[in-house]
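Take a look at the structure set out below.
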Amino acid sequence: MAVKIIDTCINCGACEPECPNEAISPGDSIYVIDPEKCTECYGFYGESQCMSVCPVEAIVPDEDHPDTVETLLAKFRKLHPGLEPKNTENWKKPGT
Ligand code: SF4
Ligand code: SF4
């Protein structure tokens with residue numbers, strides 16, 4: 001599933017540049033993640049980069065936007081035409 005930012009976000013901005021899909025942006029009150037662009041870092045990194053850098057653990061799995069490896073790969077291919085996914089053998093679903 002995608003991940004989401006909860007209201008304990010302190011707007012530090014650390015997560016935004018870490019996302020390989022540019023899925024994170026400043027929202028009206030806290031940073032937000034576009035679930036259509038979040039691949040749970042599948043295709044790039046073994047673990048969720050935004051969750052790793054958040055100093056207050058304000059990024060959590062988004063139960064309302066479930067994904068399988070197949071749907072994550074489909075998002076990856078749509079966002080990055082021509083690019084081959086990497087590190088998939090090390091990939092771990094966020095929160096597991
Ligand atoms: S989990 Fe990865 S792809 Fe999803 S928002 Fe965070 S950094 Fe971006
Ligand atoms: S790293 Fe965490 S606290 Fe900082 S903007 Fe992102 S979600 Fe908010």
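Within straight-line reach of K4, meaning a Cα separation under 21 Å, sit the following lysines at least 8 residues removed in sequence or on another chain: K37, K75, K78, K92, K93. Contact order, relative form, for the chain: 37 percent (alpha carbon pairs under 8 Å, 6 or more residues apart, mean separation divided by residue count). If you place +1 on the Cβ of every Lys and Arg, -1 on the Cβ of every Asp and Glu, and leave all else neutral, what size is the dipole of the range 3-81 about its Cα centre, to the nearest 20 Debye? It works out to roughly 300 debye. Residue separation times 0.36 nm, minus the C-alpha to C-alpha distance between I10 and E70: what's the value? Answer, rounded to one decimal: 18.3 nm. Relative to one another, the C-alpha centroids of the range 82-96 and the range 1-62 are positioned 16 Å apart. Candidates I59, G82, Y42 compared by Cα position along the dipole of the chain: farthest toward the positive end lies G82, with charges placed on Cβ.
At most 11 other C-beta atoms within 10 Å and a DSSP loop state: those are the exposed GluC sites (Glu not before Pro) I care about. Give me the longest piece of the chain that has none. With GluC sites (Glu not before Pro) excluded where exposed in loops, the chain gives 23-56 as its longest stretch. The per residue volume of the convex hull around the alpha-carbon atoms of the chain is 90 Å³.
Values quoted throughout were computed directly from the atomic coordinates according to the rules given, and no laboratory measurement underlies them. The shown structure was predicted, so the numbers you read here are calculated from the model rather than taken from an experiment. Using ideal geometry, Cβ is built from the backbone for each residue, glycine included, and neighbour counts are taken over all protein chains shown.
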